[in-house]
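What follows is calculated from the coordinates using simple rules that are stated; it is not laboratory data. All figures in this text were calculated on a predicted structure; none of them were measured in a lab. Positions of Cβ are backbone-derived with ideal geometry, glycine not excepted, and every protein chain shown enters the neighbour counts.
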Amino acid sequence: MTVSLAVASLIIGLIIGGVLALCKIQPITILRGFAHGLTLLFRGMPEFLVVLVVFFGLDILINTLLSSIAMDLKISTPKFWAGALGLGLIFGVYASEVFKGACYAVPKGALEASQALGLSKLQTTTQILIPLMWRYALPGLMNLWLVLLKDTSLVAVIAFDELLRTAKVAGETEREPFIFFLVAGVLYLLMTWVSDQAKIRVENRVSLAGRN
Amino acid sequence: MTEANFRSIYFWFKGWHYDIGKAVCVPLEQILPTSISPYCSRLIDGFFTTFELVALALIFAFLLARMMAQLLAIGPTLSHKPIKIYVYMFQGTPILIQLWMVYYGLAQFKWIQESAGWILLGSGWWVGLIVLTLNSAAYQTNILIGSIRNLPQGQLEGAHSIGMNPRQTYQKILFPQAIRNSWPALANEGILLLKSSALVSTITVLDLMGHARTVFSRSYDLWVYGGAALLYILLTAFMTLVAFLIRRYWFQSLPSDSWFREISR
């Protein structure tokens, strides 16, 4: 559950991050200001607060929408998607900064060449900028992934049964909470270790590709 | 120290939190939305609780990290492995699991409940302080040792050649430079710790987040979280300012400024 939650938030976060990064590098002031303001806001707020606000906010939103179209049923917010959306928002905001940095790292010549070839702005972005940017963005994104993996534990507080909450509930029923928390901690360590190894591989590959 | 002593200290702190809360909230009563104005002084109390917790944790963690970085840099080889394992463990697991493991997990053992340390381990605030300190110390150790490893090797040799012993080398040469180089990273870690300190509300501490959650569970009104978010952003801004001022006024006229970097090349 933890891994699927992390992957779902990763996908949501990458989409949000990509859109925000595009907002930040284009020339329209309002969009740029909006993206920067959002970044400032989410970076100043604790992740925990964001997750709670998204969860309860979605709950209220869905129920008001339902009652406004006069449907007389209560739907409880799917915890998985509320959690994934909250974590994705946080990830996206940080990722947008990484993407922005990566976009600036793309050599100017490549963009100028694409203009010389007569590609439109949209084509330049999708066919030149984004493929070239990945290499610079990957190490930063791997760091964020490590943070995200640890942040998934926050979702335990809104009673979604991921690794930490399962450990807590099992520990309480077996009356041995320490052992269960220990096992959960080891599992988290295992996940971060695997990600760490992957990160080292990716960084080596990326730096090699840069040299050629 | 008995439990009664702890309790009186606790109430003294709470007392002046609420005094300030009253002073701030009474003028604001008309401006604030009606849903949060009755709870305003509680949020202010939470604000100061969070601030004290984070400030104390950061100070203790810094002292610990300084010690551990010293051991890693010049200490006996025997001490390297345990410190590395400690750092890896605290960096690799979520802080929530560390808090819960100490607060809920340790209660499993009878002998800990009967020992003298239970005054600390039985109270959420102290567990929060201990865990936040240990967690931040791990991150700060990593930052400091990384910065020390990045210093030019000639510095060590130079210090050695003018007859400094390893301890002096660390205290007079390595550490002062390392802390200046890594100050932005340390400030960043402070802000991250501030944000993870919201998690102590899950172990019954009434910090800013704890108060916000209690109030929310009564009124079910999202504005409370908005107010808490605003106060958190205020705290973040304040910490950024403090970090900037320390950098500006303490680290300015000392080595590792531009002129020093020129000659140390």
Residue-averaged beta-carbon neighbours from other chains (10 angstrom radius) around A:151-158: 4
Starting with the fewest neighbours, write out A:HIS36, B:HIS211, B:HIS17 ranked by other beta-carbon atoms found within 10 Å of each beta-carbon. A:HIS36, B:HIS17, B:HIS211
With the calculation restricted to Cα positions, what are the radius of gyration and Dmax of the protein assembly as shown in angstrom? 24.6, 84
To the nearest 0.05, what FRET efficiency results for B:PHE251 and B:TRP223 with a Förster distance of 30 Å applied to their C-beta separation? 0.15
Between B:ILE179, B:ILE85, B:ILE44, find the one with the highest GNM mean-square fluctuation for chain B; connect C-alpha pairs within less than 10 Å. B:ILE85
Here the membrane-span-like helices of chain A, with no claim about any membrane, defined by DSSP H, Cα axial extent at least 27 Å and mean Kyte-Doolittle at least -1.0, are A:2-25, A:47-68, A:79-105, A:130-151, A:177-211
Specify whether the C-alpha gyration tensor of region B:45-263 places it in the rounded, prolate or oblate class, a ≥ b ≥ c being the square roots of the eigenvalues: rounded for a/c under 1.5, otherwise prolate if a/b is larger than b/c and oblate if not. oblate
Scan region A:170-203 for trypsin sites (Lys or Arg not before Pro) in coil per DSSP, keeping those whose Cβ has at most 14 other Cβ atoms within 10 Å, and list them by number. A:ARG175
In chain B, helical segments from DSSP H whose Cα atoms cover 30 Å or more along their own axis and that average at least -0.5 on the Kyte-Doolittle scale are B:3-28, B:40-74, B:124-149, B:223-250
What distance in nm separates the two pseudo spin-label positions at B:LEU28 and B:LYS110, each 7 Å out from Cα along the beta-carbon direction? 5.0 nm
Counting other chain Cβ atoms within 10 Å of each Cβ in B:100-109 and taking the mean gives 6
Working out 0.36 nm times the residue gap between A:LEU41 and A:ILE69, then minus their Cα-Cα distance, what length gain in nm do you get to one decimal? 6.8 nm
Write out the GluC sites (Glu not before Pro) in region B:1-110 meeting two conditions: DSSP loop, and at most 12 other Cβ atoms within 10 Å of their Cβ. B:GLU29
Region B:152-246: chymotrypsin sites (Phe, Trp or Tyr not before Pro) in DSSP loop, at most 13 other beta carbons within 10 Å: B:TYR220
R0 = 22 Å: FRET efficiency of A:LEU119 with A:GLN26, Cβ-based, nearest 0.05? 0.85
Peptide A:39-45: average number of partner chain Cβ atoms within 10 Å per residue? 5
Measure off 7 Å from each Cα along the Cα-to-Cβ vector at B:ASN150 and A:GLU176, then give the distance between these two points in nanometres to one decimal. 4.5 nm
Just list whichever of A:LYS199/B:LYS81; A:LYS79/A:LYS150; B:LYS22/B:LYS195; A:LYS24/A:LYS199; A:LYS24/B:LYS195; A:LYS79/A:LYS100 have alpha carbons separated by over 21 Å in the model shown. A:LYS199/B:LYS81; B:LYS22/B:LYS195; A:LYS24/A:LYS199; A:LYS24/B:LYS195; A:LYS79/A:LYS100
What is the sum of charges around B:TRP100, taking Lys and Arg as +1, Asp and Glu as -1, for the other residues whose C-beta is under 12 Å from the C-beta of B:TRP100? +1
Candidates A:THR152, A:THR126, A:THR39: whichever shows maximal mean-square fluctuation once chain A is modelled as a Gaussian network with Cα springs under 10 Å: A:THR126
How far apart, in nanometres, would the label points at B:LYS81 and B:ASN165 be if each is projected 7 angstrom from Cα along the Cα-to-Cβ direction? 2.7 nm
